[in-house]
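Down below is the structure, laid out as structure tokens.
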Amino acid sequence: MKAVRRYGLEGVRIQNVSEFAEISPGAIYRHFEGKEQLLVECFTYVDKQVAAIFEGMTLNPLAMLANPMGTVKGLWLPYFRFWTARPDETIFYHRFRDSSFFPKYDKSRDVTYFNTFIGMIRVFKRVFPSLDRINQDLLWLHVLTSTVLYAKYVVEGTLPNTPETEDTVFQLLATGLSGYLKPERRKKTRG
């Protein structure tokens, strides 16, 4: 990841990685078929770390109803802070997702390690059924890509790493979502 940060995803070579790891290129080839497999393994490693953020969290549907945006922020903030605390991972992840490697990898990747997070989304959808009206692929692509992009700006020094930055980024991301986080009223039926 350090080598990708320095040389770029397309420009990085196994030789660069071996220099950062202080091992021979041959040692890398004993474990990986080549650069593409190494990049995929690095991405999967980071992806699993991201998924672990949500493992210890729980959702309270009553709290969600009382303060939906606060609940969303409580889930999002550790996610954003994960990225801002890990510059190499953030730059690598951003570059990999934008690379020609990603679409092929994404079609076959195993994301079962996100089951806890997926369960949280199901709870949100039960509490706020209007979330089903959002194109889910577009929603999650927006949240993930924007969060990682703003975190990249923080780790590169373009944006300050401050609570104000966190609040602004969250407001930008959440503005479109807020209209969907309203409980639907049950229709009265005539008896």
Helix-derived [θ] at 222 nm for the chain: sum -39500 (n - 2.57) over DSSP H runs of at least 4, divide by residue count, nearest 500? -20500 deg cm²/dmol
Going by average Cβ density within 10 Å per residue, which order do the peptides 76-85, 49-58, 21-30 take, highest to lowest? 76-85, 49-58, 21-30
Of every hundred units of 1.4 Å-probe accessible area on the stretch 1-62, the number belonging to carbon and sulfur atoms, as a percent, is 52
Label-point separation, TYR105 to GLN49 (7 Å along Cα→Cβ), nm: 1.4
The helix 163-174 Cα axis meets the longest alpha-carbon principal axis of the chain at an angle in degrees, between 0 and 90 and rounded to 10, of 70
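In whole percent, and with a 1.4 Å probe on the protein chains, what portion of the accessible area of the stretch 84-140 is carbon and sulfur?
Numbers: 1730 of 3250 Å².
Whole-percent figure for carbon plus sulfur exposure: 53.
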If one compares the long axis through the Cα atoms of helix 68-84 with the longest principal axis of the Cα atoms of the chain, the angle in degrees, nearest 10, works out at 10
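Roughly how many Å² is the accessible area per residue of the stretch 11-135, as a whole number, for a 1.4 Å probe? Intermediate results must be reported in sequence, preceding the final value.
Details: 6780 Å² over 125 residues.
Per residue, the stretch 11-135 has 54 Å² of solvent-accessible surface.
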When the charge dipole of the chain is computed with +1 at the Cβ of Lys and Arg and -1 at the Cβ of Asp and Glu, the Cα pointing farthest to the positive end, of ALA66, ASN135, ASN115, is that of ALA66
Comparing HIS31, HIS142, HIS94, which has the greatest mean-square fluctuation in the GNM of the chain with Cα pairs linked when under 10 Å apart? HIS31
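The values are calculated or read from the model by the stated rules, or taken from the named source; none is laboratory data. On a predicted model such as this, the values are computed, not experimentally measured, just so you know. With ideal geometry, Cβ positions are generated from the backbone for all residues, glycine too; neighbour counts draw on all protein chains shown. Side chains are part of the model used for accessible areas, which takes the heavy atoms of the whole protein and leaves out ligands, DNA and RNA. Shrake-Rupley method; radii C 1.70, N 1.55, O 1.52, S 1.80 Å.
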